[in-house]
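A short write-up of the structure that comes next.
The values are calculated or read from the model by the stated rules, or taken from the named source; none is laboratory data. Keep in mind that what you see is a predicted model, and the values were worked out from it rather than measured. So basically every Cβ, Gly included, is an ideal-geometry build from the backbone, and we count neighbours across all protein chains shown. SASA here: full protein model, heavy atoms, side chains in, ligands and nucleic acids out. Shrake-Rupley method; radii C 1.70, N 1.55, O 1.52, S 1.80 Å.
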Amino acid sequence: MRLLAVESSCDDTAAAVLQDGRALSNVVSSQTDIHAAWGGVVPELASRNHALTIIPVIQKALLDADTTLEQLDAVCATHGPGLIGSLLVGLQAAKGIAYARGIPFLGVNHLEGHLAAIQLEQEVPHPYVGLVCSGGHTALYRVDGVGEIVLLGETLDDAAGEAFDKTGKLIGLAYPGGAAMDALAQSGNPTRFKLPRALWDKDNLDFSFSGVKTAARTLVQKHGALSEQDRRDYCASVRVAIVDALVRKSLAACRIHHVTHLVLAGGVAANGLLRSRMEEDARAVGITAHIPSRALCTDNAAMVGRAGWARLVRGETHALSLDADPSLPVG
Ligand code: KG4
Ligand code: ZN
């Protein structure tokens, strides 16, 4: 089955072509530069720019995969959760193609896409625990099978990516500051500044990052001017506080639910320390961590196609009346 997948839930316009669950192309047009000036994603700007780029992005995905519209067997698109104006652009474009071609259409949950991304690179047996950590989400799931997803815990306040971005902003890093903090942290001392770890009870699977954010703000205000080394130590200290929580709770979820495979997903999964710590700490307790390449961690359409394909081959489709749902639950 050759399918076209479309993703536009936030500020990336993305399209991919898949053949039997394998990506033939994966095109992402990022709006990061447009939103950086505003310090965060501006929904109205996001949807307007999706409208400008969606057709060229789809055309490039088809071209890269050497595929014509006539060769497509199905179309799928993210229909939630996300920003309503953003979701609608990709969803309507995908439905238009399915209608014009008379081929099946399927709406895909964005988080189910993140959890499926790893399957584009390696087969992971069910059940697995999936940690989705991005700018908008931080949650742990147990994935028992295709579409069989149980929420185990989630952030009670900020997402992990949001915590990186906000604490980065405090030292003048441009939005989104997660990757820049990660780079600065490489040569910083992670024990220099003490930052809190919330909900530390060993069986608690929820997250809270507002304490790290508040402590970081107080630290920056009290410290006064920061030298270059201070900045690096600050980034390393924030990074380890956030990563400690992500690793501890992911491993706790595996232990509590007797699961031996752990999957990382979402933009924060590009973090260097998170990737190495998750792998090492998991191995130490007999758990295998599966970590996608960085391009599959951030928002992309191949992951949406992979999740969609697994449902399409079981005969699942949606009517073209399917609407976007900004708060679509997973599972
Ligand atoms: O999944 P994603 O591309 O978009 C959504 O939020 O859905 O994730 C973006 C988030 C941003 O908060 C960004 O700062 C963070 O992922 N991020 C990182 C790194 N690369 C991206 N956070 C920490 N370390 C990184 N290397
Ligand atoms: Zn995402």
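A few notes on this one:
- Charge sum, other residues only, whose C-beta stays under 15 Å from residue 156's C-beta, Lys/Arg counted +1 and Asp/Glu -1: -3
- Spherically averaged projected area in nm², based on the convex hull that wraps the Cα atoms of region 90-168: 7.3
- Karplus (6.51, -1.76, 1.60) ³J(HN,Hα), θ = phi - 60°, over region 220-231, in Hz, Gly and Pro reported as x: 5, 5, 6, 6, x, 4, 9, 6, 4, 5, 4, 4
- By average C-beta atoms within 10 angstrom, highest first, the peptides 113-124, 39-50, 259-270, 280-291: 259-270, 113-124, 39-50, 280-291
- What the Cβ-Cβ distance of residue 293 and residue 256 gives, at R0 = 25 Å and to the nearest 0.05, is a FRET efficiency of 0.30.
- Helix-derived mean residue ellipticity, 222 nm - over the chain, DSSP H n ≥ 4, -39500 (n - 2.57), to 500: -13500 deg cm²/dmol
- Rounded to the nearest whole Hz, the Karplus-based 3J(HN,Hα) values (6.51 cos²θ - 1.76 cosθ + 1.60, θ = phi - 60°) of region 162-178 follow the sequence 4, 5, 4, 5, 6, 6, x, 4, 4, 10, x, 6, 5, 6, x, x, x, with x at glycine and proline.
- Just so you know, the Rg over Rh for region 50-119 is 0.96, from Cα atoms, with Rh as the Kirkwood radius.
- Relative contact order of region 125-291, taken over Cα pairs closer than 8 Å and 6 or more residues apart, is 28 percent.
- Where a label projected 7 Å from the Cα of residue 156 along Cα→Cβ would reach, residues of region 252-295 with amide N under 19 Å: 252-253
- Cross-link partners of residue 95 among lysines, defined as those whose alpha carbon lies under 21 angstrom from its own and excluding same-chain residues fewer than eight positions apart: 60.
- On the chain, 54 percent of the accessible area sits on carbon and sulfur atoms, based on a 1.4 Å probe.
- Between residue 174 and residue 222, the FRET efficiency from the beta-carbon distance, with R0 = 35 Å, is close to 0.90.
- DSSP bridge pairs, the chain: antiparallel proportion in percent, nearest 5: 60
- Fluctuation leader among 91, 24, 63 - the chain, Gaussian network, Cα springs under 10 angstrom: 63
- Under 5 Å, built H, 5+ apart or other chain: amide partners of residue 266: 133
- Computed from phi, the 3J(HN,Hα) profile of region 280-288 under the Karplus parametrisation 6.51, -1.76, 1.60 (θ = phi - 60°) reads 5, 5, 5, 4, 4, 10, x, 10, 9 Hz, with x in place of Gly and Pro.
- Quarter of the Cα convex hull surface for the chain, i.e. its orientation-mean projected area (nm²): 15.9
- FRET E, pair residue 20, residue 280, Förster distance 35 Å, beta-carbon r, rounded to 0.05: 0.55
- Taking amide H positions as modeled 1.01 Å from N, with prolines and chain starts lacking one, the residues under 5 Å from residue 207 and 5 or more places away or on another chain are 154, 155, 156.
- Once the Cα-Cα distance is subtracted from the 0.36 nm per residue extended length, the residue 55 to residue 144 segment shows a gain of 28.5 nm.
- Value of relative contact order over the chain, rounded to a whole percent, pairs C-alpha under 8 Å and six or more apart: 25
- Intensity falloff of region 187-331 expressed as log10 I(q)/I(0), Debye formula with alpha-carbon point scatterers, at q = 0.14, 0.17, 0.18 Å⁻¹: -0.86, -1.10, -1.17
- The mean accessible area for residues of region 125-291, using a 1.4 Å probe and ignoring ligands and nucleic acids, is 41 Å² per residue.
- Net charge contributed by nearby residues that have their C-beta within less than 13 Å of residue 16 (K/R +1, D/E -1): 0
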